[in-house]
Amino acid sequence: MISRREFLQASVAASAILGASGTGRWGRLAAQQRLMTQDDLLNMEAVGNVTLIHITDIHAQLKPIYFREPQINLGVGEVNGLPPHVTGADFLDLYNIQPGSPEAYALTYADFEALAAQYGRLGGLDRAATVINHIRSERPGALLLDGGDTWQGSLTALRTNGGDMVRAMNALGVDAMTAHWEFTLGIDRVTEIVESELNFPFLGANIFDSMWDEPAYEPYRMFEQNGVNIAVIGQAFPYMPIANPGWMFPDLSFGIREARVAEMVEEVRGAGAEVVVLLSHNGFDVDRKLAGRVPGIDVILTGHTHDALPEPVIVGNTLVIATGSHGKFVSRLDLDVRDGGVQGYGYRLIPIFSDVIAPDADMAALIDAERAPYEAELGEVLGQTANTLYRRGNFNGTWDDLLCQAMLEERDADIALSPGFRWGTSVPAGQDITKEDLFSATAMSYPNCYRTEMTGEFLHVIMEDVADNLFNTDPYYQQGGDMVRVGGMGYRIDISQPQGSRISDMTLLRTGELLDPAATYTVAGWASVNEGTEGPPIWEVAEAYIRRMGTVDIPPNQSVIVTGG
């Protein structure tokens with residue numbers, strides 16, 4: 001009888017996520033249904049003499065996970081309808097992917113529950129290690145580059161202050177990284193890790209000492225591979241003090257610093273770089289704009305927005321690579337470098353199907369050792385879910401609907417606000433909710449759940465401000481995550497309108513009445529960037545609610561009406 005592992009090896013490998021070098025559509029492989037092995041899945045026809053391996057936005061997920069891709073991912077202005085702002089059936093059509101196939105499951109939300117039951121979990125750093133070691137065996141000297149958001153996002157990372165992930169990435173053999181959520185560990189901890197624990201460079205050309213206006217971190221690192229000089233420039237998340245608490249890193253300034261990027265490109269070219277790589281946490285649309293404005297960048301390995309695309313997006317002479325999040329994918333990019341420049345490429349986005357790819361024994365042992373002190377806590381069952389819990393989407397996610405409902409009831413509030421974070425794993429319908437699941441959606445260093453009073457007018461200002469961070473037509477002004485999630489209140493949003501005119505019909509759901517701008521409402525929320533915020537951590541509030549409910553039932557959220565997209 002064929003095993004589940006053998007079935008997945010056959011079906012996944014037969015439709016391996018492969019972007020052919022410049023040939024476009026890759027779904028044709030789905031027709032080649034035959035029993036294949038792990039080696040068939042990993043093998044790729046080599047191109048050229050340089051290989052880059054990209055991982056990003058792992059958010060401290062050491063073990064295989066479920067992760068539902070977004071149903072709504074809207075683009076505005078010039079990028080409306082362009083990848084990555086294509087989802088579901090439209091995404092499958094764009095890339096010629098067969099519905100119900102392994103790659104459809106990995107890359108879209110379509111039929112998530114049924115396909116999750118069929119294909120299982122993705123990710124796991126022990127499986128990623130197997131893939132990376134295989135690539136390195138074929139391409140000695142291949143560079144492994146980490147786009148950041150690595151040290152935060154799980155119970156174990158919270159308990160070890162990022163130490164578990166630092167040790168794992170050291171063992172994985174990362175060659176360089178950049179950062180975002182790393183700084184929410186606090187500047188003292190970041191300094192300790194960078195100076196004493198990390199075995200590879202921590203790059204950030206756009207991070208400056210705010211007092212002296214001098215570079216705070218190494219801006220780039222030069223590498224050599226098969227006689228080719230490669231420059232890797234680090235670009236950390238540019239809006240740290242806006243999106244995250246500035247008091248945690250008070251002496252640093254960030255920013256896109258386009259002129260600085262151009263200066264670094266010119267500098268490394270002058271130093272003999274034949275390939276220039278921007279290891280970026282800007283977000284996809286920011287990097288697409290940057291690629292069109294700064295010449296001389298061969299590759300941008302983008303991160304932050306958690307997009308997974310099976311083919312590069314080409315802007316001028318720049319390849320923009322998007323490798324997804326939570327360890328679901330590893331990207332391999334081969335470059336043919338001759339005559340002082342890149343002449344061709346080969347690319348594969350490799351899905352880390354945990355039932356297909358065998359775990360690397362050494363990495364598996366390290367992960368088990370890191371988790372061992374917390375194993376009982378990680379596996380503690382809090383309740384069950386009647387619906388799939390997921391986070392990603394521009395406006396709603398059932399995880400945040402759950403958190404909002406918990407705040408409404410446990411904190412006795414009229415309205416609840418949950419930030420539009422993109423990180424957080426999924427729990428398929430009918431499964432237990434464990435403490436590990438809850439912390440994967442809440443584990444961070446400023447989790448306090450506040451309870452305060454806000455006027456209707458102030459709530460409108462907040463909503464408009466967050467909407468502009470997401471839907472400003474200039475990507476350089478898109479400074480946050482997804483839209484703030486709201487419980488107890490409905491609203492209408494027209495994303496085509498300018499700031500101040502997008503949000504209307506703000507309605508208190510328990511009464512059905514429009515919010516009065518002059519009236520005061522009790523509001524609960526969490527993850528305030530303000531120092532000294534008081535209240536219990538959000539995971540305590542959510543745990544109390546889940547335990548009290550036993551089985552949580554989060555119906556589809558129909559309180560947000562979206563137009564203009």
> Along the stretch 50-59, what does the Karplus equation 6.51 cos²θ - 1.76 cosθ + 1.60 (θ = phi - 60°) give for ³J(HN,Hα), rounded to whole Hz, x for Gly and Pro?
Replying inline: 9, 10, 10, 10, 10, 10, 7, 6, 5, 6
> If the convex hull of the alpha-carbon atoms of the stretch 182-236 is projected onto planes in all directions, what is the mean projected area in square nanometres?
Replying inline: 4.6 nm²
> Considering only protein heavy atoms and a 1.4 Å probe, what is the carbon-and-sulfur percentage of the accessible area of the stretch 92-162?
Replying inline: 45 percent
> In Å², what does the accessible area per residue of the stretch 453-516 work out to with a 1.4 Å probe?
Replying inline: 44 Å²
>> Give me the extension gain from Glu380 to Ser504: residue separation times 0.36 nm, minus the current Cα-Cα distance, reported in nm with one decimal.
In response: 40.4 nm
> Setting aside same-chain residues fewer than 8 positions from Lys63, which lysines have a Cα under 22 Å from its Cα?
Replying inline: Lys328, Lys435
>> Can you give the FRET efficiency to the nearest 0.05 for Glu457 and Asn43, using r as the Cβ-Cβ distance and R₀ = 51 Å?
In response: 0.25
>> Over the Cα atoms, compute the radius of gyration (one decimal) and Dmax (the largest Cα-Cα distance, rounded to a whole number) for the stretch 382-458, in Å.
In response: 13.2, 41
> Which value, in Å³ per residue, describes the convex hull spanned by the Cα atoms of the stretch 331-411?
Replying inline: 252 Å³
> In whole angstrom, how far apart do the alpha carbon centroids of the stretch 101-167 and the stretch 202-243 sit?
Replying inline: 24 Å
> P(r) for the stretch 512-565: what percent of alpha-carbon pairs falls in each 5 Å bin, starting at zero?
Replying inline: 4, 11, 13, 15, 19, 21, 13, 4, 0
>> Check which residues have an amide H placed less than 5 Å from Thr434's amide H, if you skip close sequence neighbours.
In response: Leu382
> Dividing the Cα convex hull volume of the chain by residue count, how many Å³ per residue is that?
Replying inline: 142 Å³
>> At 1.4 Å probe size, with the rest of the protein present, what percent of the exposed accessible area of the stretch 426-515 is carbon and sulfur atoms?
In response: 46 percent
>> Give me the extension gain from Asp251 to Asp432: residue separation times 0.36 nm, minus the current Cα-Cα distance, reported in nm with one decimal.
In response: 60.8 nm
>> Looking at the stretch 271-364, I'd like the Rg to Rh ratio, where Rg is from alpha-carbon atoms and Rh is Kirkwood's inverse mean 1/r.
In response: 1.03
>> As an exercise, identify the trypsin sites (Lys or Arg not before Pro) in the stretch 501-564 lying in DSSP coil whose Cβ has no more than 16 other Cβ atoms within 10 Å.
In response: Arg510
> Okay, which of the stretch 216-239 sit inside 18 Å, backbone N to the point 7 Å along the Cα-Cβ direction of Asp209?
Replying inline: 216-220
>> So if I place +1 on the C-beta of Lys and Arg and -1 on the C-beta of Asp and Glu, and nothing else carries charge, what would the dipole magnitude of the chain be about its Cα centre? I want it in debye, nearest 20.
In response: 1280 debye
> Do any chymotrypsin sites (Phe, Trp or Tyr not before Pro) in the stretch 210-319 lie in a DSSP loop with no more than 10 other beta carbon atoms within 10 Å, and if so, which?
Replying inline: Trp212
>> For the chain, what does the relative contact order come out to in percent, with C-alpha contacts under 8 Å and a separation of six or more?
In response: 17 percent
>> I'd like the Kirkwood hydrodynamic radius of the stretch 445-565, using the inverse of the mean 1/r over distinct C-alpha pairs, in Å.
In response: 16.1 Å
>> I'd like the antiparallel share, as a percent to the nearest 5, of DSSP beta bridges with both residues in the stretch 31-177.
In response: 25 percent
> What angle do you read, to the nearest 10 degrees and between 0 and 90, between the alpha-carbon axis of helix 538-549 and the longest principal axis of the chain?
Replying inline: 70 degrees
> Once amide H atoms are built 1.01 Å from N in the peptide plane, which residues 5 or more positions from Ile72, or in another chain, come under 5 Å H to H?
Replying inline: Asn394
>> Nearest 5 percent is fine: what portion of the DSSP beta bridges confined to the stretch 123-239 is antiparallel?
In response: 65 percent
>> In Å², and per residue, what accessible area does the stretch 220-350 have when probed at 1.4 Å with the other protein chains present?
In response: 29 Å²
>> I need the phi-derived Karplus couplings for the stretch 483-495: 6.51 cos²θ - 1.76 cosθ + 1.60, θ = phi - 60°, integer Hz, Gly and Pro marked x.
In response: 5, 4, 8, 10, x, x, 9, x, 6, 10, 10, 10, 6
> Scanning the chain for GluC sites (Glu not before Pro) in DSSP loops with at most 15 other Cβ atoms within 10 Å, what's the longest stretch left with none?
Replying inline: 46-379
>> Could you tell me how far the Cα centroid of the stretch 367-389 sits from the Cα centroid of the stretch 274-350, in Å?
In response: 35 Å
> Residues of the stretch 118-161: accessible area per residue at 1.4 Å, in Å²?
Replying inline: 24 Å²
>> Computing the accessible area with a 1.4 Å probe over protein heavy atoms, can you report the carbon and sulfur percentage for the stretch 278-367?
In response: 47 percent
>> Show me, for the stretch 340-353, the HN-Hα J-couplings you get by feeding each phi into the Karplus relation (A = 6.51, B = -1.76, C = 1.60, θ = phi - 60°), rounded to Hz, glycine and proline as x.
In response: x, x, 7, 9, x, 8, x, 9, 9, 9, 9, x, 8, 6
> Once the Cα atoms of helix 361-371 and of the chain are each reduced to a long axis, what angle between those two axes, in degrees from 0 to 90 to the nearest 10, is obtained?
Replying inline: 20 degrees
> On full extension of the chain, what length is gained from Asp188 through Ser137, given 0.36 nm per residue of separation minus the C-alpha to C-alpha distance?
Replying inline: 14.6 nm
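The values are calculated or read from the model by the stated rules, or taken from the named source; none is laboratory data. What you see is a predicted model; the values in this text were computed from it and never measured. Heads up, the Cβs are rebuilt from the backbone with ideal geometry, glycines too, and the neighbour counts pull from every protein chain shown. In case anyone asks, the SASA skips ligands and DNA or RNA and just uses the protein heavy atoms, side chains included. Shrake-Rupley method; radii C 1.70, N 1.55, O 1.52, S 1.80 Å.
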